[in-house]
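The numbers here are math on the coordinates, done by the rules we state, and not lab data. What you see is a predicted model; the values in this text were computed from it and never measured. When we count neighbours, we look across all protein chains shown, and the Cβ atoms used for this are built from the backbone with ideal geometry, even at glycine.
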C-alpha cells in the first residue's frame, strides 16, 4: 500500500482556523431570503384574491427590501470595481417592473435570486465547518514515553518526529508513526476505507486518528501533526474546493457582457431619439419598454425551473442534489470513479463460506455454532459477523468459558469442555505440519484468492474448519456499473484503499476492468485529476473520510448517505440518501433531460426577447403589449421547466439509462 504523502506541508493554523464569520453571514443571508419568501407567499394570495393594493403593496415592498438588499449591495460593490454583474441587473429589472406596475414579477425575481444565493452560502459554510471538524478524529492528547521510562500526557500538536507514544486499547492513535512494540488490530477505515481492522505488529505503519483495538502499541512518531495523513486530507479537501474551476449557469457565464449591453442599449434607446428632438416622455417610455422586454427574466426562468424541478424530483426519489449548478453539472459526466467499501458493497462483513475439514465430524451448521460460541464475547467486526450468521440460522449458542482475546491472533475459549481457537490462518497454522493443517492452509488460500477474509477454527489445537468472511455486494451494483458505462461511453474506474486481491475479485463480479487498489486519499485525488486532465469530466461516488478529497476534486461528487461520513456528505455535491446505487445513473439521465429543457427554454426566451426588442426599436411597441409578451415568455418557459416535477420524468430518465445499454 502506498504510504508517501504530498510533499507540501500544511500550516496548522490554516487547518484549524475557524470560519465563524462565513457561517454567521450565511445564516444572515438565509434569514433575509426566508423573510422575502414568506412575505411573497403572503402577498401573492391577497393580490390574486382582488384585495386592495394597500393590503399587499407594503408586503411586496418589504419583500423587495428583504431579498434585494444583499444582491443589490453585491452589485454596487462590483460597480465600484468597474464591473457589472447580473445581481445589479436583476435589481434594476425588478425595480423597473415595479415602476410600471408589474410588482409581482419583480418580487418573484427578487425571491429567486435571494433564495439561490442563500443556499449557496449555506452550503459553502457547512462544508468549511465539516472539513475542520475532521481534525476532531485525531485525539487532542497522547501519552508520550520519556527516556527515564515515565509517561507524560501531551498535546498531539507538540509531538515531534522521533517521540515514542503509548497507544492503549480502545484509544485513537495520536500521530502517524511506526509500531516499535506490541500487537493489535487497528480500524483505519477513515484513512484507507478498508472494511475490517488491520493487524498491526512491530514495523507496521499506523495513522493518526485511527482506532486501536484490544492490544497496546508503542509507536515511534514519523510525522508531525500538521503533516499527518488526516491533516493532509483536510488540506486536500480545502485546496480542491478552492481551486476547482467553478461551473456557472448560462446567465452567469454571460452576465457581464449582457449587463453592459443592456445598460448601454437602454441609454441609447433613450438618448438617440431625444437628441433628434423626440419628446422626453416618449423617449423615456420607449427606453423603459426596451429595458423590460430585454431584461433577462425569461432567461433566468429558462434556466432555473427545469433544474429546480429536477432537484425536487430527484429528492423525492432519494437523491439530494445540493444546487442548480450541480444538477446542470451531473449531465456532463464523461467518466465515473467508484469507491469499493460502502459504495459498491454494503460495508458490513458477513459469513460467505463455511468449510468444515474432512475428518472433523462437523457439518456447516455445527462449525458455525462452534465458532459463534467462541466469538460471542468478542467485539471484533469479524466476530459480530459470525455471531449474526448463527443468529440468522436460528442456531443456539453454547456458553463460552475462559475467553481470551489475543490482539492480532484471535480468540480462545472453552466451549462444551473443549478448547476452541478462532483467528488468522497466518498466525495459527504451520504449513506442512500435518494433513489437517495442510488442508486448512489450502482452503484459506483459496478463499483469500477469491477476495474473502479467511478465519480458521481449531479445536483442542487441531484445525476443524475455515470460514470465509466477505463484504456483501450491493444487489444493484453490477447493473449500475453497466448503466454508467453506457451513459458515459466508458466503464467506471474502481478506486479503493482495500487490498488488490479483494478489489480485483469484486471488480470482476461487477464488470469493472480498471482497478486501482491500495490507495491513500491523495492517490485517489491523483487518479481523478488524471481523468480530468484527459478531458473527461469525472464523477466520484464514495462514502468515507478517505473519499472526501476525491469528491472535492472531481467535476461532481456523490456520497452514499446512510453510512457516509460527515465530511463526505458535506463535501459531495449530491447525496444518495437511501443508498440505492441505481439512482446514480438515473440522476445523470435526469440532469441531461433538464439540460435539454434549458436549451429549449433559452431558444423560446431568445425568440421572444429578440422579437420584442426589434419591434420596439423598429416600430412602436405599446408598453402593455411589451409587458404581455415579456411575461408571456416568462410563463411559457416556467411551465415548460416544471414538466420535470412529475414522477414520469424520473421513470423516463431511468428508461434512458436502460436504453443506453
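Structure notes:
- Cα-projected label distance for residue 42 with residue 606, points at 7 Å along beta-carbon direction, nm: 4.2 nm
- Approximating the spin labels as points 7 Å out from Cα along Cα→Cβ, the residue 427-to-residue 279 distance works out to 9.7 nm.
- Using the average count of surrounding beta-carbon atoms within 10 Å as a protection proxy, the listed peptides 353-363, 390-400 rank, highest first, as 353-363, 390-400.
- Computed from the C-beta positions of residue 61 and residue 652, the FRET efficiency with R₀ = 51 Å rounds to 0.75.
- Separation of the residue 435 and residue 514 label points, Cα + 7 Å toward Cβ, nm: 5.2 nm
- Overall form of the range 138-227 per C-alpha gyration tensor (a/c, 1.5; a/b vs b/c): prolate
- Arranged from fewest to most other beta-carbon atoms within 10 Å of their beta carbon, 326, 51 become 51, 326.
- Gain in span if fully extended, residue 152 to residue 418, counting 0.36 nm per residue against the direct Cα distance: 91.3 nm
- Shown for 56, 615: other C-beta atoms within 10 Å of each C-beta, ranked fewest to most, produce the order 615, 56.
- Linear extension gain, residue 141 paired with residue 402, 0.36 nm per residue minus alpha-carbon span: 90.5 nm
- Orientation-averaged projection of the range 346-472 equals 7.2 nm² [convex hull of Cα atoms, one quarter of hull surface area].
- Gain on full extension, evaluated as 0.36 nm per residue between residue 264 and residue 49 minus their Cα-Cα distance, stands at 73.5 nm.
- Value of relative contact order over the range 346-472, rounded to a whole percent, pairs C-alpha under 8 Å and six or more apart: 31 percent
- Neighbour counts of C-beta atoms inside 10 Å place 69, 54 in the sequence 54, 69, starting with the fewest.
- FRET efficiency for the pair residue 596 and residue 476, taken as 1/(1 + (r/R0)^6) with r the Cβ-Cβ distance and R0 = 30 Å, rounds to 0.70.
- Per-pair calculated FRET efficiency, R0 = 41 Å: residue 395 and residue 31 via Cβ, rounded to 0.05: 0.10
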